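FYI, it's all coordinate maths here, none of it is from the lab. Source: prediction; values computed, not measured. Virtual Cβ from ideal backbone geometry, glycine too; neighbours counted across all protein chains shown.
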Amino acid sequence: MKQTIYWYKGTKRTGKRSEVSFINGNPNGIKIEWFRNGNKELELHYIDGALNGLYTRYFENGNKREEGGFKDNRKNRKWIEWFENRDIKSEETFQENESD
């Protein structure tokens, strides 16, 4: 397994941009991305290069922006999107054989 970390230019000590592991050239496990301010921007899960599991995107202030699930690179389960003030913007449920 190879772990790859990307940094914002000139900020290696405090500016981690993203982190992901690879097996045989494919992303595998949790991928996390951060805003410059250090807050989490995105967290998603890969299995053998395919999106599988929980997907969560955040606003820069730390509030959730979007959350749902993937199965074999397709949206699955309930997806919720929020406004920055935490009010719900939309909700949609996907079945295993559907995608957006």
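Some observations on this one:
- Each Lys and Arg adds +1 at its Cβ and each Asp and Glu adds -1 at its Cβ; summed about the Cα centre, the chain shows a dipole of about 680 debye.
- Stretching the chain fully between GLU81 and ASN26 yields a gain of 17.0 nm (0.36 nm per residue, less the alpha carbon separation).
- Label-to-label distance, nm, for residues given as LEU54 and ILE88 (7 Å Cα→Cβ offset): 1.8
- The loop-placed GluC sites (Glu not before Pro) in the range 7-67, going by DSSP, that have at most 15 neighbouring Cβ atoms within 10 Å of their Cβ come out as GLU60.
- Under 5 Å between amide hydrogens, built in the peptide plane, is the criterion, and for PHE22 it picks out LYS2, GLN3, THR4, ASN28 among residues at least 5 positions away or on other chains.
- Of the residues ASN52, SER18, PHE94, the one whose Cα sits farthest towards the positive end of the charge dipole of the chain is SER18 (charges of +1 on Lys and Arg Cβ, -1 on Asp and Glu Cβ, taken about the Cα centre).
- Over the range 17-100, the reciprocal of the mean inverse Cα-Cα separation, the Kirkwood hydrodynamic radius, stands at 13.4 Å.
- The peptide list 86-94, 72-80, put in order of mean Cβ contacts within 10 Å with the highest first, becomes 72-80, 86-94.
- Taking trypsin sites (Lys or Arg not before Pro) across the range 15-51, the ones in a DSSP loop with at most 16 further Cβ atoms lying within 10 angstrom of their Cβ are ARG36.
- Pairwise label distance in nanometres, GLN95 with TYR6, each label 7 Å out on the Cα-Cβ vector: 3.6
- For the range 2-94, the relative contact order works out to 15 percent when only alpha carbon pairs closer than 8 Å and six or more residues apart are counted.
- Nearby lysines by direct alpha-carbon distance to LYS9 (threshold 29 angstrom, same-chain neighbours under 8 apart not counted): LYS31, LYS40, LYS64
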